[in-house]
1. For the stretch A:116-226, what does the alpha-carbon gyration tensor say about shape, rounded, prolate or oblate, given a ≥ b ≥ c as the root eigenvalues, a/c under 1.5 as rounded, and a/b over b/c as prolate?
2. Output the antiparallel fraction of DSSP beta bridges having both residues in chain A, as a percent to the nearest 5.
3. Whenever you get a sec, compute what percent of the accessible area on the stretch A:116-155 sits on carbon and sulfur atoms (1.4 Å probe).
4. Mind ranking A:K102, A:K251, B:K7 by accessible surface for me, highest first, 1.4 Å probe?
5. Residues in the stretch A:32-66 near a label at A:M1, defined as backbone nitrogen under 14 Å from the 7 Å Cα→Cβ point?
6. Enter the Cα centre distance for the pair the stretch A:8-68 and the stretch A:257-286, rounded to the nearest angstrom.
7. Roughly how many nanometres apart are two label points built 7 Å out from the Cα toward the Cβ at A:N51 and A:K72?
8. How much accessible surface area, in Å² rounded to 10, belongs to the heavy atoms of A:Y171 with a 1.4 Å probe?
Amino acid sequence: MQKITKDQLVEKTVALLSDGTVSAVLGWSRGEFDYDITPAVFKTAEDLKENFVWNDFCGANFSKYLVAQTGKVEGKILVFLKPCDTYSFNQLLTEHRFDREKVYAVGIPCEGMADIAKVKEIVGDGIVSIEADGENLKVSTLYEDAPALVNAKDVMAERCVNCKSKKHVAYDELMGDDGEVIESNRFDEVARLEAMTPDERFAFWQNELSRCIRCNACRDACPACTCEKCVFDNPASSVENKAPANSFEEKMFHIIRAFHVAGRCTDCGECSRVCPQNIPLHLLNRKFIKDINEFYGEYQAGAEVGSRAPLVDYTTEDLEPGEVFDRGDKDA
Amino acid sequence: MQVKEYKPLIVAFCCNWCSYAGADLAGNNRLSYPADVKIIRVPCSCRVNPMFILRAFQRGADGVIICGCHPGDCHYTSGNYYTRRRMAALFSMLDFLGIEKERTRVEWVSAAEGAKFAATMNEFAETVASLGENKRLEDLRCKR
Ligand code: SF4
Ligand code: SF4
Ligand code: FES
């Protein structure tokens, strides 16, 4: 259940639209289903009142959309940013990917988003509608007469359970109260995998990655992946866009994707959210984050504008690649 | 049926300014190292894109080693410092995916270190040989 309401957001937005502060609004609208929320650009108060949505499925991080949208509108575009989105926002500014002057950022609090896969685990398929009902989500399905009540806490997305910050690191205006950076347990799962034997890890990833259909949704949604010409679009790269032919291609894609955002990934979790195959991709990114923290000191991408990403930086005292395995590694 | 004797195929990326010259020196001094070490010359160790390494494995390498100037001696001043960070991250990721960490290595070899070059290659080839064929990053389509 979100503390801030849709009506508050619409009211604020309509006011800013009508006084000319902004000329467009990047917000959420309903997709095919109640849980399938799609980013949309709103330009009129009518459109906003009718189609704007704010609920537990508004996970989409809009930062990346600014790269394209700031070039398309006259005047400023309003963007809603949840705390984790603000890190991506800063990271994109660091990389000069959009013009800050063209954006009016409204920070909004977030109580955690729901993961539809978890909802389906409880209520099954055939969901026709989902409504917020206090602490619960009221889920109606094709097969049951009475709607099921599911506690929002039980179906919270993994990235929200392990939320790293309720604090906004960028905004022009804040709605509601700001929170704090949180000591989360987000590296626990990485540590669990690290503690396995190489054989077990290999089996784990073989199982996960073999489901990949190379839809590229993970790349497309990632706010750190904003190259105009992506290596995965180049037919001569040997990793061009097509379904993986074998397990080598699966691994190749995933290693390269994760490596390209290493040091710049803010751990926003969009990659795992959009994956239709529920592959826990963020674990690859978190592995890089955890390593970078351990090798080169704590670093949070996007915490401030202008910080230098660890992999485009160095010191003369850095550890040697061979030494990374001598850190009291279980399988060393 | 004839069983082919297994000899590891090793790809060695050597930077033009130090390690490639080091390999030359090893040859001039008639030091021996396995013929299955295939040297690919790169302008600087930091020219090695992680994809090159994966591609080498795909095309049948059993081990990949990157050689560059000693830290501080890079012809381009700082290239090998970046190599060092990138490869530390990449190798750790390969290990995370369960790929044998002994198959990848970075060594600094100067133009004067012909003996070190030969010794490094001998030792690396032995390590890789003891691991056997690269199965975890193989691409069956590329098998001869
Ligand atoms: S979103 Fe999932 S299925 Fe699609 S390419 Fe990424 S990992 Fe593969
Ligand atoms: S890799 Fe995933 S978690 Fe990292 S910035 Fe991209 S979408 Fe977010
Ligand atoms: S030129 Fe040798 S490592 Fe850069």
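The values are calculated or read from the model by the stated rules, or taken from the named source; none is laboratory data. Keep in mind it's a predicted model, so treat the numbers as computed, not measured. Heads up, the Cβs are rebuilt from the backbone with ideal geometry, glycines too, and the neighbour counts pull from every protein chain shown. Accessible surface areas use protein heavy atoms only, side chains included; no ligands, DNA or RNA. Shrake-Rupley method; radii C 1.70, N 1.55, O 1.52, S 1.80 Å.
1. It comes out oblate by the Cα gyration axes.
2. For chain A, the DSSP antiparallel bridge percentage is about 65.
3. Answer for the stretch A:116-155: carbon and sulfur cover 46 percent of the accessible area.
4. Of A:K102, A:K251, B:K7, the descending order of accessible area is B:K7, A:K102, A:K251.
5. Once the point is set 7 Å along Cα→Cβ of A:M1, A:56 turn out to lie under 14 Å by backbone N, inside the stretch A:32-66.
6. What the calculation gives is 25 Å, centre to centre.
7. Modelled inter-label distance: 1.1 nm.
8. 100
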